[in-house]
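Written out below as structure tokens is the structure these notes cover.
The values are calculated or read from the model by the stated rules, or taken from the named source; none is laboratory data. Values in this document were obtained by computation on a predicted structure and should not be read as measured data. Because the Cβ atoms are built from the backbone with ideal geometry, glycine has one as well, and the counts that use them run over all protein chains shown.
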Amino acid sequence: MSPAYPHSSSKEILSVSELTQQIKTRLETLFPQVKIKGEISNFKRHSSGHTYLTLKDEGAQITAVIWKTTASRLAVTLRDGMSVVAEGRLEVYPPSGRYQLICTSITEAGVGALQQAYAELLQKLAKRGYFSTERKRAVPEIPETIGLITSPTGAVIEDMSKVLERRFPAARVLLYPVSVQGANAAEAVASGIAYFNNTKKQGHRPEVIIIARGGGSLEDLQAFNGELVANAIYHSALPVISAIGHETDLTIADMVADLRAGTPSIAAELAVPDTGELLRHIDNLQSRRESLLLGKLDGAERQVYSICSSYAFNRPLLQMQHFDNRLNTLIDQMSRRIKSGYSEKVQQYASTRQQLALLDYRKTLERGYVLVKKEGKFMTGTKKLHPADDVELLFHDGVLPAVISQAKRP
């Protein structure tokens, strides 16, 4: 049934204002809320804060207005040539006799469809329990190995490496390089999660996985708002830390992950302990342990003293002291005997050494004797010596060469 609009008979004469008012009433009633896709042109921001622009496509155009209060809430920066989806109501402006769109929101073209898909997947996964806090696994406090899934280039990996090196350099970081946006990004990230979960390679299975990338638009983060990555995180046997975008960005991957970090650097902070704090904690534990041990020792000492001071242990204690005195006496006696024996052995050694010294051939040489050596052998007689033989004469202070001139035999 068509709405009843005011109309005039063909014989009635209308003023321009009356006609415009009837058009305004009918048009605004027919289009109380519309969504229009088009390209921005003639973009102008007035000093009052209001924004004026034209939305056009290949066949038509329409002027649009964004009032100051609405413009201040827009999440996108508008410019000429941008393709957008504008939502609002139609309004006729009587002074100029034209109609225009009063915008209540504007999003970049394509974002609206992504947001709708995001909302639908969010609802679907929520029903399956993907976001339930009960299923989220605890991140290890001191991981030895960390699996990092991110782009191998850019500021993200550099910033995270600095944080990990500063906080806990003992941790071993395994990088699984991926593309973090584009057509194959989701498959690459899911493959990285599967690799760390299923690898049999020695030392390549971490205790925790970090998925990280820098900030970006909704389209840039689309790989982390899909079901493929969400399923991979949900079914991972290893705990996952998600650090996608900036603090204000919230992806489905963030919500499924066991722990969400506002930025990649914060993820590195959450994944490992601070070495300084860890050492201080160890020192505190050591101090507490020492205090408890000293307390127990002090208590045990008092208990032993009490027992030893009792009548029952008094006589055994005296006997122990007597035995201790006897032991000290025996030790003194043994010490004196050992020292006496040692002195005797020293004297015997000195005497023996002196006797050996008397037999030293060098002492004999000092008394004027000479040794004759031929071809490296000592001569004990003249039988093996012949004229013109080369010999060596060994004196006590050196060696002289000599030649046998004539062998004289007795």
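When you go through (1) assigned to a helix (DSSP H, G or I); (2) in contact (Cβ under 8 Å) with a residue 40 or more places away in the chain; (3) of a type outside the set (Phe, Trp, Tyr); (4) surrounded by fewer than 19 Cβ atoms within 10 Å (Cβ to Cβ) one by one for Arg166, which number turns out not to apply?
(2)
Which one of Arg288, Arg353 is surrounded by 10 or more Cβ atoms within 10 Å (Cβ to Cβ) and not assigned by TED's automatic domain parsing to the domain that holds Asp397? Steps first, answer last, please.
Working: Arg353 fails: surrounded by 10 or more Cβ atoms within 10 Å (Cβ to Cβ).
Every option except Arg288 fails the conditions.
Applying the selection to the stretch 103-117, what residues are at pLDDT 85 or above and surrounded by 15 or more Cβ atoms within 10 Å (Cβ to Cβ)?
Hits for the stretch 103-117 are Cys103, Ser105, Ile106.
How about the stretch 238-269: which of its residues are hydrophobic (A, V, I, L, M, F, W, C) and assigned to a strand (DSSP E or B)?
Val240, Ile241, Ala243, Ile244, Leu259
Residues that are loosely packed, with under 13 Cβ neighbours inside 10 Å, under 20 Å from Val92 (Cβ atoms) and either in contact with a helix residue (DSSP H, G or I) (Cβ under 8 Å, 6 or more places away or on another chain) or in contact (Cβ under 8 Å) with a residue 12 or more places away in the chain (or both): does the stretch 35-44 have at least one?
Yes - at least one qualifying residue is present in the stretch 35-44.
Does Val92 count as farther than 14 Å from Ile106 by Cα and either in a loop (DSSP other than H, G, I, E, B) or among the aliphatic types (A, V, I, L, M) (or both)?
yes
Scan the stretch 117-134 and tell me whether some residue there is farther than 30 Å from Lys37 by Cβ and in contact (Cβ under 8 Å) with a residue 12 or more places away in the chain.
yes
Answer with yes or no whether Gly147 is among the small types (Gly, Ala, Ser) and part of a loop (DSSP other than H, G, I, E, B).
Working: among the small types (Gly, Ala, Ser): yes; part of a loop (DSSP other than H, G, I, E, B): no.
So Gly147 does not fit the description; no.
Any idea which of Lys136, Lys124 is assigned by TED's automatic domain parsing to the domain that holds Arg205 and either of a type in the set (D, E, K, R) or at pLDDT 90 or above (or both)?
Lys124
Working only within the stretch 20-32, note down all residues that are out of contact with any strand residue (DSSP E or B) (no Cβ under 6 Å at 6 or more places or on another chain) and either exposed (fewer than 13 other Cβ atoms within 10 Å of the Cβ) or closer than 27 Å to Thr77 by Cα (or both).
The answer is Thr29, Leu30.
Just name the residue that is nearest to Ile149 (Cα to Cα) out of those in the stretch 249-305 that are of a type in the set (Ser, Thr, Tyr) and without any contact (Cβ under 8 Å) to a residue 12 or more places away in the chain.
Filtering the stretch 249-305 for residues that are of a type in the set (Ser, Thr, Tyr) and without any contact (Cβ under 8 Å) to a residue 12 or more places away in the chain, the one nearest to Ile149 (Cα to Cα) comes out as Ser287.
From the residues in the stretch 202-228 that are under 21 Å from the mean Cα position of the chain (by Cα) and in a loop (DSSP other than H, G, I, E, B), which one is surrounded by the fewest Cβ atoms within 10 Å (Cβ to Cβ)?
Out of the qualifying residues, it is Gln202.
When you scan the stretch 178-192, do you find a residue that is in contact with a strand residue (DSSP E or B) (Cβ under 9 Å, 6 or more places away or on another chain), of a type in the set (S, T, N, Q) and not in a helix (DSSP H, G or I), even just one?
Yes, some residue in the stretch 178-192 is in contact with a strand residue (DSSP E or B) (Cβ under 9 Å, 6 or more places away or on another chain), of a type in the set (S, T, N, Q) and not in a helix (DSSP H, G or I).
Quick check, is Ala71 surrounded by fewer than 18 Cβ atoms within 10 Å (Cβ to Cβ) and touching a strand residue (DSSP E or B) at 6+ places or on another chain (Cβ under 6 Å)? Steps first, please.
On the way: surrounded by fewer than 18 Cβ atoms within 10 Å (Cβ to Cβ): yes; touching a strand residue (DSSP E or B) at 6+ places or on another chain (Cβ under 6 Å): yes.
Criteria met by Ala71.
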